[in-house]
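> Before I ask anything, here is the structure I am working with.
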Amino acid sequence: MKNRDDEGHRAFALPGARLQYGPDKLVDVEHVELRLEPDLEACTLEGVCTTTVRAYDEPVDLVIDSVERDGNIAAFRVYDDRLEIRFEPPLAPNARTSFRITYRASRPRHGLFFIEPTKDYPHKARHAWTQSQDENARYWFPSFDYPHEKSTSQTTVVVEKGLFALANGELIERRDEGGKTIFTYRQDVPLPTYLMTFVAGPFVEKRQADAGARSVPVYYYVLPGREADGERSFGNTPRMIDAFERVIGTPYAYARYSQIAVTDFIFGGMENTSATTQTDRTLHDERAHLDFSSDPLVSHELAHQWFGDLLTCRDWSQAWLNEGFATYFECVWREADLGYDEYLYDVFGCVSRYLEEDGDRYRRPIVCNRFRDPIEIFDRHLYEKGGAVLHMLRGALGDGRFWRSIARYVRDNAQRNVETIDLIRAIEEETGRNLRAFFDQWVFRGGHPEIEVSIAWDAERSVATVTIDQKQAVDLERPAYIFDVDLGFCAEAPAAPAGNAGPGPVADERRVRVHVERAHETITIPLDAEPRLVRFDPGAWLLGSITYKFGATLAAAILRGDNDPVARIRAARALAKDGSQAARAALRDAFTSDPFWGVLEEAANALGATRAPWAREILLTALAHPHPKVRRAVAAALGSFRDAGVASALIPVAREDVSYFACAAALTALGKTRDVRAFDILTHAIVGSSWNATVEAGAARGLAELADARAIDPLLAATKLGRDEGLRRAAVGALARAGELLYDERARVVDALVQLLDDPMFLVQLSAIAATEALQDPRALGALDRLAASGFDGRVRRDAAEAALRIREAQKVPSQVSALRSDVDTLREEQRTLQEKIEALTRR
Ligand SMILES: [Zn+2]
């Protein structure tokens, strides 16, 4: 099939994608000075932008934006999305000049967003925020809008007296003048335009403890009434700064660090230099805090202050140096705060999410410059695979060399633009290790190994034979993956795992490092006695899908006693597939003895997938587990069993669990049981008001699973403007699911989804695109094509184009089937002719 490789992986590049390179620079932008006056009532911005530039080595006319130079109007003209300014006489090599552009914007299409109360959401506070990444600063100030141009900045924001304004850098002045308050910020460490920001509105300021070697002041800002939620979300920030400085070695570079939580933000967070913008959806109440944390978001954006802000990707193709690092540092913070098991499970989650995208969506190298919009590559290859590669790099180098290399990379490249080669060189200079092959394999090429590992014991010779098979396609173009991996053997199986033990050997472990370079490797290791515990890759350094073929006894020993949580997860998966008495006993015991919730979450998933009666029994007992994240996973897994007994067990969890997420999972699973009691419970729950509509969203998903036409009306009602954005998104997805299950309702569902493709809420729009893709209904094609061509955001354009492509692929299937049928007919005809010939020849 076109658009796929011969293993069935889809291509990343969409039709019309081009190879992208950063543009040439005619001048070096040295300083940008902004004076901004937002009008929060009229949703307009008046601005003056003064840019100081230095010419490179040739005389230039400047292409940026317009118009006043040294008091005189310079010649300028506007064409397409840019302005050309002509200097008379031309700017001499190395000469500097400044020019001042006066401009205004009214409800710009992108880049600057005014939030105001509406008929449907009358309680929204008026405020304004910007979002410049990836190339949208140009919507709110005239700029050379590419990541490889960094300059210092000064931003003055004039707001109504009493309001607050935030921008990049140090606050150098805050004064009242007439009915206005004027804020001036100065940023002395150069930054690219995509990291420039301003936010204005009635924010409440909270100064946190100073942090870091230089005692940097730390602040957060929330809209009135959210102060306690702000503390819950941002309270750990000063500790994070200390932790990151310790491992990175370069102090936090800016005069202060602020986080400001805004409404209807179109990302989770944006790492604007020294002044991160965060979605206010991360602010949460005490009940949510039980099993939800803002720390992943907060640590991600904070890590960007080094990786992205201080060291900026040279162009978007290198953006994993921003996002892969920020994602990895979420894990690093988790390790510092909660311990090794949480760290490793976080990395494992990255690998799992990457594997999903690689399997279901497309495959691409992490560094890749063939796309239409830069935002297209901000996917799980960039974030999650990038993060997992850094974990693997830590394994390859060892902790000491890894952190020294990272420190050197940051030290040597601070304030500069970076490419992957800069990281490779820093490692080489620090450690002498040449990792070009590593980067070729994992960063510059797509894919990963799919490994099956098994062991056989020869009692006579006292030799263990470990077989490591790479099951992915291997040929000259795609050679087998080359890596070193540790194997461990213990004569005694430990009785229980030690929590947070790290990747080191357990007592009496015989550890060997083996080199793998063929698709089928057999390694023989003489041992004193048959091993009772076998460890493959302790530390889970290797990026790929890894399956244990050890048999139930060894897998049970791993689940019962291996210190490595990922090893226990792999064992649990193997045991759920195995299903023998020994396997069942080990899985059952895990729910009372395993010290780490992550292992039990994955065990619950694996048990649900079996749909076996014995797994149902284990899950029913585990539903009372004290950890809310385990209960959440167990409730979800019970959705695999369609019976009244399961429904009876889920109902109290759905109604009363102290965790929003466990309630939501139980509601969805209850819908899957299709029990007669479910409809009433779900329609009652969908109109509740929990944090971010978490519980109501679970009810919406449950209603869809009922496969009951009565569910369509409450689902449609839940998509209406006025309801919580989180609920609306869930209801959109649920409608698609209901449309899949209820053929007669499909036309109604598709009509509603097509309307929602034009929803004013960006995230609802994305959900609607995904929903139409799931339904594969050609009636959505017209609307999808229109969005693919002219959607306001690159993600909308990308997702719509991809959805339309998938729907068209699905349409082709019937014609492919009929083509194959006619081939079969032709072959039958030929077969008859040949048979006649054979008969004629044999008769002769
Ligand atoms: Zn990021």
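> Of all residues being more than 16 Å from the ligand (Cβ to nearest atom) and outside any loop (DSSP other than H, G, I, E, B) in the stretch 350-361, which is surrounded by the fewest Cβ atoms within 10 Å (Cβ to Cβ)? Just the residue, please.
Filtering the stretch 350-361 for residues that are more than 16 Å from the ligand (Cβ to nearest atom) and outside any loop (DSSP other than H, G, I, E, B), the one surrounded by the fewest Cβ atoms within 10 Å (Cβ to Cβ) comes out as Asp360.
> Sort out which residues of the stretch 116-129 are surrounded by fewer than 21 Cβ atoms within 10 Å (Cβ to Cβ) and among the hydrophobic types (A, V, I, L, M, F, W, C), and write them in order of number. Step through it out loud before you land on a result.
Just the residues of the stretch 116-129 that are surrounded by fewer than 21 Cβ atoms within 10 Å (Cβ to Cβ), to begin with: 116-126.
The one that is surrounded by fewer than 21 Cβ atoms within 10 Å (Cβ to Cβ) and among the hydrophobic types (A, V, I, L, M, F, W, C): Ala125.
> Can I ask one more? What are the residues in the stretch 310-328 that are touching a Ser or Thr at 6+ places or on another chain (Cβ under 8 Å) and within 9 Å of the ligand (Cβ to nearest atom), if any?
Asn322
> Just for the stretch 780-813: of the residues that are open to solvent by less than 50 Å² (accessible area, probe 1.4 Å) and within 18 Å of Tyr743 (Cβ to Cβ), which one is nearest to the chain's Cα centre (by Cα)?
The selected residue is Ile807.
> Spot the failing condition for Pro296; the list is (1) open to solvent by less than 20 Å² (accessible area, probe 1.4 Å); (2) touching a helix residue (DSSP H, G or I) at 6+ places or on another chain (Cβ under 9 Å), and only one is missed.
Pro296 satisfies all of (1) open to solvent by less than 20 Å² (accessible area, probe 1.4 Å); (2) touching a helix residue (DSSP H, G or I) at 6+ places or on another chain (Cβ under 9 Å) except (1).
> Could you run through the stretch 130-141 and say how many residues are of a type outside the set (S, T, N, Q) and crowded, with 24+ Cβ neighbours inside 10 Å? Can you show your working first?
We begin by selecting, within the stretch 130-141, every residue of a type outside the set (S, T, N, Q); these are 134-135, 137-141.
From what is left, the residues that are crowded, with 24+ Cβ neighbours inside 10 Å are 137, 140-141.
Looking only at that region, the number is 3.
> How about the stretch 293-309: which of its residues are more than 14 Å from the ligand (Cβ to nearest atom) and in contact (Cβ under 8 Å) with a residue 40 or more places away in the chain?
Hits for the stretch 293-309 are Ser294, Asp295.
> Of the conditions (1) part of a strand (DSSP E or B); (2) open to solvent by less than 10 Å² (accessible area, probe 1.4 Å); (3) under 30 Å from Arg314 (Cα atoms); (4) at pLDDT 95 or above, Tyr194 satisfies every one except a single condition; which number is it?
(1)
> Go over the candidates Ile375, Ile366 one by one and state the one that is aliphatic (A, V, I, L, M), part of a helix (DSSP H, G or I) and closer than 30 Å to Pro15 by Cα.
Result of the check over Ile375, Ile366: Ile375.
> Determine which member of the set Arg364, Arg372 is more than 16 Å from the ligand (Cβ to nearest atom), crowded, with 21+ Cβ neighbours inside 10 Å and over 23 Å from Asp537 (Cα atoms).
Arg364 is the lone residue from the list that is more than 16 Å from the ligand (Cβ to nearest atom), crowded, with 21+ Cβ neighbours inside 10 Å and over 23 Å from Asp537 (Cα atoms).
> Filter the stretch 628-661 for residues that are without any contact (Cβ under 8 Å) to a residue 60 or more places away in the chain, over 18 Å from Ala734 (Cβ atoms) and under 28 Å from the mean Cα position of the chain (by Cα) and give the result.
Across the stretch 628-661, the qualifying residues are Val630, Arg631, Ala633, Val634, Ala637, Leu638, Ser640.
> Considering only residues of the stretch 267-280 that are open to solvent by 10 Å² or more (accessible area, probe 1.4 Å) and touching a Phe, Trp or Tyr at 6+ places or on another chain (Cβ under 8 Å), which is farthest from the ligand (Cβ to nearest atom)?
This residue is Asp280.
> Can you confirm whether the stretch 329-339 contains a residue that is open to solvent by less than 20 Å² (accessible area, probe 1.4 Å), within 16 Å of the ligand (Cβ to nearest atom), within 23 Å of Ser294 (Cβ to Cβ) and in contact with a Gly (Cβ under 6 Å, 6 or more places away or on another chain)? Before the answer, list the steps.
In the first step, residues of the stretch 329-339 are kept if they are open to solvent by less than 20 Å² (accessible area, probe 1.4 Å); the result is 329, 331-333, 339.
Next, from what is left, pick out any that are within 16 Å of the ligand (Cβ to nearest atom): 329, 331-333.
After this cut, where a residue has to be within 23 Å of Ser294 (Cβ to Cβ) as well, the list is 329, 331-333.
Okay, now just the ones that are also in contact with a Gly (Cβ under 6 Å, 6 or more places away or on another chain), so none.
No: the stretch 329-339 contains no residue that is open to solvent by less than 20 Å² (accessible area, probe 1.4 Å), within 16 Å of the ligand (Cβ to nearest atom), within 23 Å of Ser294 (Cβ to Cβ) and in contact with a Gly (Cβ under 6 Å, 6 or more places away or on another chain).
Here's the yes/no breakdown for (1) surrounded by 21 or more Cβ atoms within 10 Å (Cβ to Cβ); (2) hydrophobic (A, V, I, L, M, F, W, C); (3) not in a loop (DSSP other than H, G, I, E, B):
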site: Ala582; (1), (2), (3): no, yes, yes
site: Ala586; (1), (2), (3): yes, yes, yes
site: Thr592; (1), (2), (3): no, no, yes
site: Leu600; (1), (2), (3): yes, yes, yes
site: Ala637; (1), (2), (3): yes, yes, yes
site: Arg642; (1), (2), (3): no, no, no
site: Leu650; (1), (2), (3): yes, yes, yes
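> While we're looking at this one, here's another question. Among the residues of the stretch 620-634, write down those that are assigned to a helix (DSSP H, G or I) and either under 14 Å from Gly579 (Cα atoms) or open to solvent by 40 Å² or more (accessible area, probe 1.4 Å) (or both). It would help to see each step written out before you state the result.
Initial filter on the stretch 620-634 (assigned to a helix (DSSP H, G or I)): 620-622, 628-634.
Within the stretch 620-634, Leu620, Thr621, Lys629, Arg632 qualify.
> Go through (1) under 21 Å from Val732 (Cα atoms); (2) hydrophobic (A, V, I, L, M, F, W, C); (3) surrounded by fewer than 21 Cβ atoms within 10 Å (Cβ to Cβ) for Leu827 and report which single condition fails.
Tallying (1) under 21 Å from Val732 (Cα atoms); (2) hydrophobic (A, V, I, L, M, F, W, C); (3) surrounded by fewer than 21 Cβ atoms within 10 Å (Cβ to Cβ), Leu827 fails exactly one: (1).
> Which ones in the stretch 250-271 are part of a loop (DSSP other than H, G, I, E, B) and either on the phi > 0 side of the Ramachandran plot or aliphatic (A, V, I, L, M) (or both)?
Result: Ala253, Ala255, Asp264, Ile266.
> Just the residues that are assigned to a loop (DSSP other than H, G, I, E, B) and either surrounded by 17 or more Cβ atoms within 10 Å (Cβ to Cβ) or at pLDDT below 95 (or both), please, taken from the stretch 228-249.
Of everything in the stretch 228-249, just one residue is assigned to a loop (DSSP other than H, G, I, E, B) and either surrounded by 17 or more Cβ atoms within 10 Å (Cβ to Cβ) or at pLDDT below 95 (or both), namely Asn236.
> Whether any residue in the stretch 199-213 is in a helix (DSSP H, G or I) and either within 16 Å of the ligand (Cβ to nearest atom) or of a type outside the set (Asp, Glu) (or both) is what I want to check.
No, the stretch 199-213 contains no residue that is in a helix (DSSP H, G or I) and either within 16 Å of the ligand (Cβ to nearest atom) or of a type outside the set (Asp, Glu) (or both).
> Which residues, taken from the stretch 250-260, are closer than 12 Å to Ala414 by Cα and of a type outside the set (Ser, Thr, Tyr)?
Answer for the stretch 250-260, where residues must be closer than 12 Å to Ala414 by Cα and of a type outside the set (Ser, Thr, Tyr): Pro251, Ala253.
> Here's another thing I want to ask about it. What pairs come out if I take residues in the stretch 320-343 that are more than 13 Å from Ala388 (Cα to Cα) and in contact (Cβ under 8 Å) with a residue 12 or more places away in the chain and pair them with residues that are among the β-branched types (Val, Ile, Thr) and within 14 Å of the ligand (Cβ to nearest atom) whose C-beta lies under 9 Å away, six or more apart or interchain?
The qualifying pairs are Asn322/Thr312; Trp333/Val298.
> Working carefully through the options Arg10, Arg4, find the one that is more than 19 Å from Phe113 (Cα to Cα) and modelled with pLDDT under 85.
It is Arg4.
> All but one of (1) more than 18 Å from His110 (Cα to Cα); (2) touching an Asp or Glu at 6+ places or on another chain (Cβ under 6 Å) hold for Ser153; which doesn't?
Going through the list (1) more than 18 Å from His110 (Cα to Cα); (2) touching an Asp or Glu at 6+ places or on another chain (Cβ under 6 Å), Ser153 breaks only (2).
> Oh, and also: If Tyr252 satisfies every condition in (1) touching a Leu at 6+ places or on another chain (Cβ under 6 Å); (2) buried (at least 20 other Cβ atoms within 10 Å of the Cβ) but one, which is the exception?
(1)
> What number of residues in the stretch 205-220 are in contact (Cβ under 8 Å) with a residue 40 or more places away in the chain and in contact with a helix residue (DSSP H, G or I) (Cβ under 6 Å, 6 or more places away or on another chain)?
Result for the stretch 205-220: 4.
> Something else about it: Being touching a residue at least 60 places away in the same chain (Cβ under 8 Å), under 19 Å from the mean Cα position of the chain (by Cα) and away from the ligand (no atom under 16 Å from the Cβ) narrows it down to one of Asp285, Asp264, so name that one.
Asp264
> Return yes or no: is Thr156 surrounded by fewer than 19 Cβ atoms within 10 Å (Cβ to Cβ) and in a strand (DSSP E or B)?
no
> A further question follows. Need the failing condition index for Ala612 against (1) more than 28 Å from Phe641 (Cα to Cα); (2) surrounded by fewer than 20 Cβ atoms within 10 Å (Cβ to Cβ), just the number.
(1)
The values are calculated or read from the model by the stated rules, or taken from the named source; none is laboratory data. Quick caveat: nothing in here was measured; it's all calculated off a predicted structure. Glycine also receives a Cβ, built like all others from the backbone with ideal geometry; neighbour counts cover every protein chain displayed. Just the protein is used for accessible areas: all its heavy atoms, side chains included, with ligands, DNA and RNA removed. Shrake-Rupley method; radii C 1.70, N 1.55, O 1.52, S 1.80 Å.
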